[in-house]
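Single-structure report; data block below.
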Amino acid sequence: MKTIPPTRQLPEGYRLTYSLYLKADKSAVLWMQVATIPAFILSAWFFAWLVLEFRADAIRDIGRFNNLALLLGLVAVNFVVLVVHELAHGLFIWFFTRHRPIYGWHWFYAYAGAPDWYFDKLRYIVIALAPLVMISAIGIVLILVSPAPVVLFLLGITIFNATGAVGDLWLVLKSLFEPEDVLIRDTGDGFEFYQRG
Ligand SMILES: [Zn+2]
């Protein structure tokens, strides 16, 4: 795969070929929300299978918990996961640019972005997939080794994070179909694809 170092100056000859601005595009946000349903089913199926297969002991304890406390705990923990998810995007934006990313919050979604930078396909895919891959991998290891009460929280965290990555996955899929030398600008809640010619 051809790599182009991140740049703040759009190279000569590139033109905008696709853009998506979540704040302005209500139907894109709606589609993203619809897409979270199959994403939730798939990730719930996988992580629940993992727990049932390897940590059935954690499920046996479920009746001992106060349901409301469990639910409130999960909401609180997932709020932290949302922040960690965006920080994982930001970590790789920083790694590639050595500049601080921007973070934001807009009603249904949180975001990290780098509005001043144009990324090549490979780096953009790494930035987009970082939270899904990192949090899922750490979550799987922790599910296997943590004490039973923690496993339920980890199950909630991994499912929530993977479900929330549906927008990231869509953009990765889209960028895979772009030409090798595509440049991508991620403003956090807006995406622009530039092609040569
Ligand atoms: Zn994300």
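At-a-glance table
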{"read-out": "Computed label-point distance, nm, for sites residue 61 and residue 23 using a 7 Å Cα→Cβ extension", "value": "4.5"}
{"read-out": "Order of 34, 77, 166 under a 10 Å beta carbon neighbour criterion, fewest first", "value": "34, 77, 166"}
{"read-out": "Centroid-to-centroid separation of segment 26-49 and segment 150-166 [C-alpha atoms, Å]", "value": "12"}
{"read-out": "Relative contact order for the chain, counting Cα pairs under 8 Å that sit 6 or more residues apart, in percent", "value": "39"}
{"read-out": "Antiparallel DSSP beta bridges within segment 50-197, percent to nearest 5", "value": "100"}
{"read-out": "Dipole in debye (nearest 20) - segment 15-196, about Cα centre, beta carbon charges: Lys, Arg +1; Asp, Glu -1", "value": "140"}
{"read-out": "Listed residues 165, 69, 88, most fluctuating in the chain (Gaussian network, C-alpha, under 10 Å)", "value": "69"}
{"read-out": "Backbone HN-Hα couplings from phi across segment 26-39 [Karplus 6.51/-1.76/1.60, Hz, Gly and Pro as x]", "value": "5, 5, 5, 5, 4, 4, 5, 5, 5, 5, 5, 5, x, 5"}
{"read-out": "Estimated vicinal HN-Hα couplings, Hz - segment 181-197 in sequence order (Karplus 6.51, -1.76, 1.60; Gly, Pro = x)", "value": "9, 4, 10, 10, 10, 10, 7, x, 10, x, 9, 10, 10, 10, 10, 6, x"}
{"read-out": "Nonlocal amide H pairs with residue 190, under 5 Å, H built at 1.01 Å", "value": "22"}
{"read-out": "Computed FRET value (nearest 0.05) for residue 116 with residue 148, which takes r as the C-beta separation and R₀ as 35 Å", "value": "0.15"}
{"read-out": "Calculated FRET value between residue 75 and residue 8, using beta carbons and R₀ = 35 Å, to 0.05", "value": "0.35"}
{"read-out": "Calculated log₁₀ intensity ratio I(q)/I(0) where the Debye formula runs over C-alpha points of segment 15-196, q = 0.08, 0.12, 0.15 Å⁻¹", "value": "-0.29, -0.61, -0.89"}
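All of the numbers you see were taken from the coordinates with simple rules; none came from a lab. As the structure is a prediction and not an experimental result, all values here were calculated from the model. Methodologically, a virtual Cβ is constructed for each residue, glycine included, from the backbone with ideal geometry; neighbour enumeration extends over all protein chains shown.
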